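**Student:** Take a look at this one; I'll ask things after.
The values are calculated or read from the model by the stated rules, or taken from the named source; none is laboratory data. It should be emphasised that the depicted structure is a prediction, and the values quoted were computed from it without experimental measurement. No Cβ is skipped: glycine too gets one built from the backbone with ideal geometry, and neighbour counts run over all protein chains shown.
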Amino acid sequence: MRQRWGWVALALAVVIVGLIGIREYSLRKEVELKTENQYQRAFQEVVYHVDSLAEELTKAAVSSSYPMTQKALADAWRHTESARSGLGQLPVGTIELSTTEDFLSQVASFTYVLSQRGASGSGLSEREWTILRDLRDQATFAAEELTRLGGSIALGRLRWIDVQRDSMATAAMRPDEERTRGAPSNQVTKGLKMLEDGMTRFPTPDFEGVIPPPRKKLPSIPGAEISTDDAIKIAMDFAGYSVQEGARGEVIATISSEPESYRVEMTPSRGQVSKVWADVSVRGGKVLWMYRDSPIGSESITPAMAVNAARAFLASHGFQNMREISRRDYQGVSAIGFAHEQNGVVIYPDYVVVRVALDDGRVDGFEGTNYQIFHRVRPLKEPGLSEAEAKEGLNPRLTVIGSRLAVILDDFYQEKLVYEFRCKLDKDTYLVYINAETGEEEEVKKAEIRGLELV
């Protein structure tokens, strides 16, 4: 009898474990499906906006009416910015697309500058028209390649989630492995590489005197260069792991993008398969990024609890006087943005993002590149305008519901002291930034964009 009950208990245990496994598998497939749908939507937006960009550039090149040309250029700029936004949502971080990205940036600057001329403008010069024609040809080529890739994805049932996995695998490869074995590849990756290769074959237009110079180079992180052993120790300390407890780490790559960093791969302890990655700057030894590869279960904590967990994490790692500025909840996690606050002024360049799992409140992600580059104690001066004077620069149709002083960056990484006004128009909330010295409107943001809430 006792043996029979033992077999019954064993059978029940097997059934329970099986049910748990099925549930975890279903949750994982559900998350993958949501992620894939987001990637597919972002890619379709890129295809649509690049195709529309080519069409608007063609209109601008053909039109003999300057107001019509100006409208086409303004529409082209809008499509360019949307294409850049969509491209930024795709898992292509390890795929070389610098020429394509530079092209979109140049088109955005070119079309914006020309579209901002007055309605009585004298039209395009011969040089400007030549640049416009060359950009149109590039946009047409890019649209054709992206459309062809979209067809291959649809016919071949290819998935962006596989591109994401390959991208993560490439990022985790040692340099010698990438040389000998080659980075993982699939038809989507090959299609994007063909696009990039084709874009490099077009001549680069001479924009000197037509559009503003590109952004200045990012400032360097201060400090001496560190060794790979130093990087491992810094990453292990940041992740809370100890060699004495069985954890181990190794530098698996050097990330060449600014600021240059070592990528450290860590395994918590013997017998555990989950891993943690962190990027540590070569100069100064600052942790720029961290990601913990662990499954996420059902949500059991509130967003407020997630914010508290993120605050505690930052405080324990030496990030003081941090103020919540944004929050986005998705796929079982909460990504919470914080900016440094100095004497009541929000310093937006000094921001970090902490990713908190909503199943148990653990921190499984961190992004702090901007903070490590820009953070310092600033000699903040008194604003030249009062809040009431700055408020006069707002659209009178807006209803102001809050305000504060802040520091933001312009396109050349120059800091500007501004008044941030939180305003309502109909049902939407906006953040409007007015220069505290000149009264000029510097920037406008919508407070809620695709699930991202600016606090």
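**Student:** Count, please, the residues in the range 256-290 that happen to be free of Cβ contacts under 8 Å to residues at least 60 places away in the same chain, among the β-branched types (Val, Ile, Thr) and under 23 Å from Tyr371 (Cβ atoms).
**Tutor:** Residues in the range 256-290 being free of Cβ contacts under 8 Å to residues at least 60 places away in the same chain, among the β-branched types (Val, Ile, Thr) and under 23 Å from Tyr371 (Cβ atoms): 4 in total.
**Student:** Going by what's in this entry, would Val345 be described as closer than 20 Å to His317 by Cα and either buried (at least 16 other Cβ atoms within 10 Å of the Cβ) or among the acidic types (Asp, Glu) (or both)? Show your work before the answer.
**Tutor:** Details: closer than 20 Å to His317 by Cα: no; either buried (at least 16 other Cβ atoms within 10 Å of the Cβ) or among the acidic types (Asp, Glu) (or both): yes.
So Val345 does not fit the description; no.
**Student:** Do we have any residue at all in the range 214-224 that's in the same structural domain as Glu367 (by TED's automatic domain parsing), modelled with pLDDT of 80 or more, under 30 Å from Tyr413 (Cβ atoms) and surrounded by 12 or more Cβ atoms within 10 Å (Cβ to Cβ)?
**Tutor:** Checking the range 214-224: not a single residue is in the same structural domain as Glu367 (by TED's automatic domain parsing), modelled with pLDDT of 80 or more, under 30 Å from Tyr413 (Cβ atoms) and surrounded by 12 or more Cβ atoms within 10 Å (Cβ to Cβ).
**Student:** Could you tell me whether the range 15-34 includes any residue that is in a helix (DSSP H, G or I), at pLDDT 80 or above and in contact with a Lys or Arg (Cβ under 9 Å, 6 or more places away or on another chain)?
**Tutor:** Filtering the range 15-34 for residues in a helix (DSSP H, G or I) gives 15-34.
Subset that is at pLDDT 80 or above: none.
No: the range 15-34 contains no residue that is in a helix (DSSP H, G or I), at pLDDT 80 or above and in contact with a Lys or Arg (Cβ under 9 Å, 6 or more places away or on another chain).
**Student:** Still on this model: Quickly run through the range 120-165 and pick out the residues that are among the hydrophobic types (A, V, I, L, M, F, W, C), at pLDDT 80 or above and in a helix (DSSP H, G or I). Write out each step before concluding.
**Tutor:** So in the range 120-165, the residues among the hydrophobic types (A, V, I, L, M, F, W, C) come out as 124, 129, 131-132, 135, 139, 141-143, 146, 149, 153-155, 158, 160-161, 163.
When the remaining residues are screened for being at pLDDT 80 or above, the result is 124, 129, 131-132, 135, 139, 141-143, 146, 149.
Selection gives Trp129, Ile131, Leu132, Leu135, Ala139, Phe141, Ala142, Ala143, Leu146, Leu149.
**Student:** Taking the criterion of being crowded, with 22+ Cβ neighbours inside 10 Å and under 24 Å from Arg422 (Cβ atoms), would at least one residue in the range 300-310 satisfy it?
**Tutor:** Residues of the range 300-310 crowded, with 22+ Cβ neighbours inside 10 Å: 306, 310.
Then drop every residue that is not under 24 Å from Arg422 (Cβ atoms), which leaves 306, 310.
Yes, some residue in the range 300-310 is crowded, with 22+ Cβ neighbours inside 10 Å and under 24 Å from Arg422 (Cβ atoms).
**Student:** I would also like to ask the following. Taking the range 73-108 as the search range and keeping residues that are in contact with an Asp or Glu (Cβ under 7 Å, 6 or more places away or on another chain), free of Cβ contacts under 8 Å to residues at least 40 places away in the same chain and hydrophobic (A, V, I, L, M, F, W, C), which one is surrounded by the most Cβ atoms within 10 Å (Cβ to Cβ)?
**Tutor:** Filtering the range 73-108 for residues that are in contact with an Asp or Glu (Cβ under 7 Å, 6 or more places away or on another chain), free of Cβ contacts under 8 Å to residues at least 40 places away in the same chain and hydrophobic (A, V, I, L, M, F, W, C), the one surrounded by the most Cβ atoms within 10 Å (Cβ to Cβ) comes out as Ala76.
**Student:** Additional query: Name the single residue that is surrounded by the most Cβ atoms within 10 Å (Cβ to Cβ) among those in the range 367-377 being in a loop (DSSP other than H, G, I, E, B) and without any contact (Cβ under 8 Å) to a residue 60 or more places away in the chain. If you could, list the steps in order and put the result at the bottom.
**Tutor:** Our first condition is that a residue be in a loop (DSSP other than H, G, I, E, B); within the range 367-377, this holds for 368, 375-377.
Narrowing the set further to residues that are without any contact (Cβ under 8 Å) to a residue 60 or more places away in the chain leaves 375-377.
On the way: His375: 18, Arg376: 12, Val377: 7.
Applying the filter and picking the extreme gives His375.
**Student:** Exactly one of these conditions fails for Ala406: (1) part of a loop (DSSP other than H, G, I, E, B); (2) in contact (Cβ under 8 Å) with a residue 12 or more places away in the chain. Give me its number.
**Tutor:** Just one mismatch for Ala406, condition (1).
**Student:** Take residues that are touching a Gly at 6+ places or on another chain (Cβ under 9 Å) and tell me which of the strands (runs of 3 or more DSSP E) falling wholly in the range 230-294 contain 1 or more.
**Tutor:** Numbers: elements: 248-255, 261-267, 276-281, 287-292.
Those strands (runs of 3 or more DSSP E) span 261-267, 276-281, 287-292.
**Student:** Quick check on the range 92-114. Is at least one of its residues touching a helix residue (DSSP H, G or I) at 6+ places or on another chain (Cβ under 9 Å), among the small types (Gly, Ala, Ser) and at pLDDT below 75?
**Tutor:** yes
**Student:** With Ser256, Ser261, Ser242, Ser274 as the choices, which residue is assigned by TED's automatic domain parsing to the domain that holds Phe366, at pLDDT below 85, within 18 Å of Gly365 (Cβ to Cβ) and of a type in the set (Gly, Ala, Ser)?
**Tutor:** Working: Ser256 fails: within 18 Å of Gly365 (Cβ to Cβ); Ser261 fails: at pLDDT below 85; Ser242 fails: within 18 Å of Gly365 (Cβ to Cβ).
It is Ser274.
**Student:** Another question, if that's okay. Could you figure out which of (1) in the same structural domain as Arg263 (by TED's automatic domain parsing); (2) assigned to a loop (DSSP other than H, G, I, E, B) isn't true of Leu380?
**Tutor:** It is condition (1) that Leu380 fails.
**Student:** Checking Leu146 against (1) closer than 20 Å to Lys59 by Cα; (2) touching a residue at least 12 places away in the same chain (Cβ under 8 Å), which test does it fail?
**Tutor:** Every listed condition holds for Leu146 apart from (1).
**Student:** Among the residues that make up the range 427-449, is at least one of them among the small types (Gly, Ala, Ser), out of contact with any His (no Cβ under 8 Å at 6 or more places or on another chain) and farther than 17 Å from Leu380 by Cβ? Show your work before the answer.
**Tutor:** We begin by selecting, within the range 427-449, every residue among the small types (Gly, Ala, Ser); these are 436, 439, 447.
When the remaining residues are screened for being out of contact with any His (no Cβ under 8 Å at 6 or more places or on another chain), the result is 436, 439, 447.
So of that shortlist, the ones also farther than 17 Å from Leu380 by Cβ come out as 439, 447.
Yes, because at least one residue in the range 427-449 is among the small types (Gly, Ala, Ser), out of contact with any His (no Cβ under 8 Å at 6 or more places or on another chain) and farther than 17 Å from Leu380 by Cβ.
**Student:** Pick from Ser334, Ser300, Ser326: which is assigned to a loop (DSSP other than H, G, I, E, B) and either at negative phi or in the same structural domain as Arg422 (by TED's automatic domain parsing) (or both)? Walk me through it before giving the result.
**Tutor:** On the way: Ser334 fails: assigned to a loop (DSSP other than H, G, I, E, B); Ser326 fails: assigned to a loop (DSSP other than H, G, I, E, B).
Being assigned to a loop (DSSP other than H, G, I, E, B) and either at negative phi or in the same structural domain as Arg422 (by TED's automatic domain parsing) (or both) holds for just one of Ser334, Ser300, Ser326, which is Ser300.
**Student:** Mind telling me which of the residues Leu358, Leu398 ends up being at pLDDT 90 or above and either in the same structural domain as Lys286 (by TED's automatic domain parsing) or within 30 Å of Gly297 (Cβ to Cβ) (or both)? Even if it seems obvious, please write down each step before you answer.
**Tutor:** Values: Leu398 fails: either in the same structural domain as Lys286 (by TED's automatic domain parsing) or within 30 Å of Gly297 (Cβ to Cβ) (or both).
Testing whether each residue is at pLDDT 90 or above and either in the same structural domain as Lys286 (by TED's automatic domain parsing) or within 30 Å of Gly297 (Cβ to Cβ) (or both) leaves just Leu358.
**Student:** Just give me the residues in the range 386-403 being assigned to a helix (DSSP H, G or I) and loosely packed, with under 12 Cβ neighbours inside 10 Å, in sequence order.
**Tutor:** So the first thing to find is which residues in the range 386-403 are assigned to a helix (DSSP H, G or I), and the list is 387-391.
Passing the criteria: only Ala388.
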